[in-house]
1. Out of all the residues in region 218-241, is one or more modelled with pLDDT under 90, outside any helix (DSSP H, G or I) and open to solvent by 30 Å² or more (accessible area, probe 1.4 Å)?
2. Check region 12-24 and report whether any residue there is under 30 Å from Arg321 (Cβ atoms), of a type in the set (Asp, Glu) and open to solvent by 20 Å² or more (accessible area, probe 1.4 Å).
3. Quick check on my filter: what residues within region 365-382 are open to solvent by 10 Å² or more (accessible area, probe 1.4 Å) and in a loop (DSSP other than H, G, I, E, B)?
4. Out of the residues in region 176-213 meeting the condition of being of a type in the set (S, T, N, Q) and open to solvent by 10 Å² or more (accessible area, probe 1.4 Å), tell me which one is nearest to Cys391 (Cα to Cα).
5. Between a first residue in region 354-382 that is more than 10 Å from Ile309 (Cβ to Cβ) and a second residue that is of a type in the set (S, T, N, Q) and open to solvent by 40 Å² or more (accessible area, probe 1.4 Å), which pairs have beta carbons less than 8 Å apart while being 6 or more apart in sequence or on different chains?
6. Can you list the helices (runs of 4 or more DSSP H) lying wholly within region 50-154 that have 1 or more residues being touching a His at 6+ places or on another chain (Cβ under 8 Å) and touching a residue at least 60 places away in the same chain (Cβ under 8 Å)?
7. Among the listed residues Arg89, Arg82, Arg50, which satisfies the condition of being touching a Phe, Trp or Tyr at 6+ places or on another chain (Cβ under 9 Å) and open to solvent by 40 Å² or more (accessible area, probe 1.4 Å)?
8. Tell me the residue from Gly266, Gly217, Gly261, Gly224 that is more than 30 Å from Val301 (Cβ to Cβ) and out of contact with any Lys or Arg (no Cβ under 9 Å at 6 or more places or on another chain), please.
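The values are calculated or read from the model by the stated rules, or taken from the named source; none is laboratory data. Computed from a predicted structure; not experimentally measured. Neighbour counts are summed over all protein chains in view; Cβ atoms, including those assigned to glycine, are modelled from backbone coordinates with ideal geometry. In case anyone asks, the SASA skips ligands and DNA or RNA and just uses the protein heavy atoms, side chains included. Shrake-Rupley method; radii C 1.70, N 1.55, O 1.52, S 1.80 Å.
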Amino acid sequence: MSAWDVLVVGAGPAGTIAAERLMALGHRVLLLDAGPRLREGERTPEVDRRAWAYRAVGGSFDWYRVRAVGGRAHLWGGWSYRFPDVVFRRGGWPYGASALAPYYADVERTLGVVEGEIDDRYRRAARALGIRFAAKRGAFRIGTKTRRLWTPLAQRAARKALCYRAALHLEHSARRADAVAVLDLRREVQRSLRARAFVLAASPVETARILLDSDVGPRGRRIGHGLVDHMVASWLLLEPSPVPAATAERGPFPGSVLAHGLVNTGPDDRESYPGGVSIEVSGPLPLEPLGVERMVPSGEVDRWSATQIHAIGEMFPYAKRYVDLDPAERDALGRRIPRIHLAWSAAERRMAADMRRACVALADAIAVPGSRLVPFLDPLQPGAGHEAGTCAMGLDEASVCDAFGRLRALENVWIADASVMPTAGDRHPTLTLLAHALRAADNVGRYLARGG
């Protein structure tokens, strides 16, 4: 007999949301994480690069990781936008925006999503450029006197998570997972944990590694393929004007907006690449927290401000970009290390050029005289931190997962992280990711209710 109804691997935002839902449905849930449970305000620990080694092939790649309960939510800026239906259609998702609508609403209530205001300078820029700006929608923790970004640490599931446990692989037979092999990182002891169902939410690269090491058979032949991320063109606009005084009229996210739906939203604006582009803008901001005070004349720091401009480009699967495991090299825990194969398609290079031009045009439209525009990140520099697609879901039998994130190779395994997303969309994906995690958790609940 299994000790647990559901075992969830990974206590980041997706794993925590899924575990919380399954606990609310009355199931016995064990949530695992490879890192510690941090105290409020505690700094996230550095990742041990020997124990969590990887190799990039075809270019450099900075794999953003947080080995702690809460995962990448510790690095999150709180951007919380729904994907419009066009993103689902052009990305080949197995469902549309209406299927996620109730889950979007649930997540927004849990996160406490609120909307800011649009500053006048962005309204003027929008008219000049013929684009649309949306106020930032962000996640604030509910029930606190001070406004703070939501983190999974506030959830009961995160408080009960079993820490310092690294999932190695699934043990399975007859197309069912029986247990997950887990390494206790403090005691250096391996054991098998049994459950009736399993949810993987360890991140697109780590989930792919677990499944590739599980040898799930021919139905898993596409695991690791379809790797996508966001292309990001990042600029810093330095302006010789001080940061405005804080006022209630500027809303909870002063100076933060999203220019969305810039390309490929319909038949009249088709570009020579399939993806969409949006631009996040935040400012004016003081220079010191950004570490750029040396970029302005000495003694004038208080008379300057900075605005961050980040264009986000939607990547599509490309045959030369994927994740596999090195056949020989092992990490300090004895596991085969992931190899992240990188390449750019010709279409992505064309999109990168458009993204650069769009950022410069936007900066010119909002800048005051005497400003400087400093490039920080080129869109052809991989590793934006929004990886997806390594176990993409679809309606055809060749896809790794079905439309609920259920693994086709093993009937009692679901994936709740961005591995299942065919693309990362044209804007910040966290709200969509968490909506998917809830949808997957409800499907697990139905499976268990049927006696699975």
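1. If we filter region 218-241 for residues that are modelled with pLDDT under 90, which is where we start, we get none.
Scanning region 218-241 turns up no residue that is modelled with pLDDT under 90, outside any helix (DSSP H, G or I) and open to solvent by 30 Å² or more (accessible area, probe 1.4 Å).
2. Initially, region 12-24 is screened for residues under 30 Å from Arg321 (Cβ atoms), giving 12-18.
Narrowing further to those that are of a type in the set (Asp, Glu): none.
No, because not a single residue in region 12-24 is under 30 Å from Arg321 (Cβ atoms), of a type in the set (Asp, Glu) and open to solvent by 20 Å² or more (accessible area, probe 1.4 Å).
3. Within region 365-382, Ala367, Val368, Pro369, Gly370, Ser371, Asp378, Leu380, Gln381, Pro382 meet the criteria.
4. Out of the qualifying residues, it is Ser203.
5. From residues that are more than 10 Å from Ile309 (Cβ to Cβ), the pairs are Gln381/Ser60; Pro382/Ser60.
6. By residue number, 97-111.
7. Arg82
8. Values: Gly217 fails: out of contact with any Lys or Arg (no Cβ under 9 Å at 6 or more places or on another chain); Gly261 fails: out of contact with any Lys or Arg (no Cβ under 9 Å at 6 or more places or on another chain); Gly224 fails: out of contact with any Lys or Arg (no Cβ under 9 Å at 6 or more places or on another chain).
From the options Gly266, Gly217, Gly261, Gly224, the qualifying one is Gly266.
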